[in-house]
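Derivation of every value follows stated rules applied to the coordinates shown; laboratory data play no part. Only a predicted model underlies this, so the values are computations on that prediction, with no experimental measurement involved. A quick note on method: Cβ atoms are made from the backbone with ideal geometry, for glycine too, and the neighbour counts reach across all protein chains shown.
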Amino acid sequence: MRIGLDLGGTKVEAIALSESGSELLRFRRPTPIGDYQATVDLIVAMVAELEAAAGAAASIGLGTPGTIDPVSGLMKNSNSTALNGRPLDKDLAAALSREISMANDADCFTVSEAHDGAAAGAGVVFGVILGTGVGGGIVVSGRLVGGPNRIAGEWGHNQLPWMTLAEAPGPDCYCGRQGCVETFLSGPGIAADHRRRGGAALSPADIASAVAAGDAAAGITMDLFHDRLARALAGVINIVDPDSIVLGGGVSNIESIYEAIPRMWSRYVFGGTVLTRLVKAAHGDSSGVLGAARLWQASAASEPTAT
């Protein structure tokens with residue numbers, strides 16, 4: 001049996017999969033916001049509940065917002081700040097009396113979609129989260145690429161490519177830099193861009209709906225969003241050249257993306273020819289927890305983040 005847990009800012013989702021991959025049990029619990037020890041205790045309790053219900057011990061995979069620093073062994077880059085600076089993998093392994101496998105939530109998403117989701121069968125998959133933040137992960141031949149710094153796929157904290165004079169230097173990012181892809185392409189980034197140009201306070205989904213209703217300001221916002229996403233993904237293609245790029249997160253539900261971006265990104269990709277497929281996640285919000293359960297199966301191509 002395999003257990004996967006997806007540790008989010010507001011909820012922890014858990015799933016138990018049989019050896020064949022069928023779902024045995026799934027449930028969610030609220031995340032103890034700002035309380036590290038309570039979070040550890042909750043994960044331990046959820047594992048116990050899953051194993052009691054299934055009547056078997058299991059491997060454990062955990063998806064987190066952030067990653068383990070390979071030098072300090074402590075969590076970093078998490079927007080759930082109570083996790084940062086803590087040895088989450090070691091504390092959980094001690095509490096559970098076994099090794100665990102950990103990766104960030106975007107990595108887990110990519111593992112799931114490459115395994116049996118929208119990118120199944122692709123040799124090189126770049127998974128993208130477009131939500132409250134912007135993240136990414138890379139899977140090659142079914143194996144998760146972690147990298148020596150544990151940041152493979154973190155395209156959201158590169159500067160937006162081919163930035164115009166009107167865009168530069170770009171909005172401030174929580175990472176301490178300006179003009180990161182995340183500041184333009186996350187849900188809050190799109191909404192803030194619309195407001196900066198005099199638009200109403202709308203979510204990205206509402207902006208897309210306003211376009212359909214003939215709102216000119218919303219149309220400009222979406223045109224800019226499409227062009228920026230095309231630029232950002234073209235930068236990924238120029239470096240990674242994936243067979244498939246799969247999108248998840250709330251912003252990925254904007255349907256115009258899947259027609260506009262493949263039409264636009266060839267102007268930015270070196271040589272102009274683009275055979276990469278752009279697809280929407282098949283498992284939706286379930287990709288994170290499913291990928292976490294399969295982390296051991298998709299053992300990292302570099303040194304895995306496990307105790």
Local net charge near residue 4, Cβ-Cβ under 10 Å (Lys/Arg +1, Asp/Glu -1):
+1
Comparing 196, 143, 28, which has the greatest mean-square fluctuation in the GNM of the chain with Cα pairs linked when under 10 Å apart?
196
Taking 8 Å as the Cα distance limit and 6 or more residues as the minimum spacing, I'd like the relative contact order of the chain as a percentage.
23
Consider the candidate values (i) 129; (ii) 165; (iii) 142; state which one is volume of the Cα convex hull per residue in Å³ computed from the structure displayed.
(i)
Consider all pairwise Cα distances in segment 181-302 and report the whole-number % of them above 19 Å.
54
Would you kindly state how much longer the chain becomes between residue 267 and residue 11 on full extension, computed as 0.36 nm times their sequence separation minus their alpha carbon distance, in nm to one decimal?
88.1 nm
Can you give the extra length, in nm with one decimal, that the chain gains between residue 140 and residue 277 once fully stretched, where that is 0.36 nm per residue apart less the Cα-Cα distance?
47.8 nm
Have a look at 220, 147, 201 and report the one farthest towards the positive end of the charge dipole of segment 121-281, computed about the Cα centre with Cβ charges (Lys/Arg +1, Asp/Glu -1).
147
What does the charge add up to near residue 61, with Lys and Arg as +1, Asp and Glu as -1, over the other residues with Cβ less than 10 Å from its Cβ?
+1
Pop a pseudo-label 7 angstrom from the Cα along the beta-carbon direction at both residue 37 and residue 177 and give the gap in nm to one decimal.
3.7
Let me have the relative contact order for segment 113-262, percent, based on Cα pairs under 8 Å that are six or more residues apart.
28
Most fluctuating of 151, 245, 138 in the GNM of the chain (C-alpha, under 10 Å) is 151
Which residue, chosen from 165, 261, 180, occupies the Cα position most advanced towards the positive end of the dipole of segment 121-281, where the dipole is computed from +1 (Lys, Arg) and -1 (Asp, Glu) charges on Cβ about the Cα centre?
180
Expressed in nm to one decimal, what extension gain is obtained for the pair residue 238 and residue 213 from 0.36 nm per residue of sequence separation less their Cα-Cα distance?
5.4 nm
Once amide H atoms are placed 1.01 Å from N in the peptide plane, what residues at a sequence separation of 5 or more from residue 12, or on another chain, have their amide H within under 5 Å of its amide H?
29, 31
Per-residue ellipticity at 222 nm for the chain, helices alone: DSSP H runs ≥ 4 residues times -39500 (n - 2.57), over residue total, nearest 500 deg cm²/dmol?
-10500 deg cm²/dmol
Which residues in segment 205-228 have a backbone N closer than 14 Å to a point placed 7 Å from the Cα of residue 167 along the Cα-to-Cβ line?
221-228
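Would you work out the charge dipole size for the chain about its Cα centre, treating the Cβ of every Lys and Arg as +1 and the Cβ of every Asp and Glu as -1, and quote it to the nearest 20 debye?
With only Lys, Arg, Asp and Glu charged at Cβ, the dipole is about 360 debye.
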Rounded to the nearest 10, the angle in degrees between the Cα long axis of helix 105-116 and the longest principal axis of the Cα atoms of the chain comes to 90
Cα-based helix-to-principal-axis angle, 187-196 vs the chain, degrees rounded to 10
30
Be a star and scan segment 227-247 for residues whose amide nitrogen sits under 17 Å from the point 7 Å along the Cα-to-Cβ vector of residue 197.
227-232
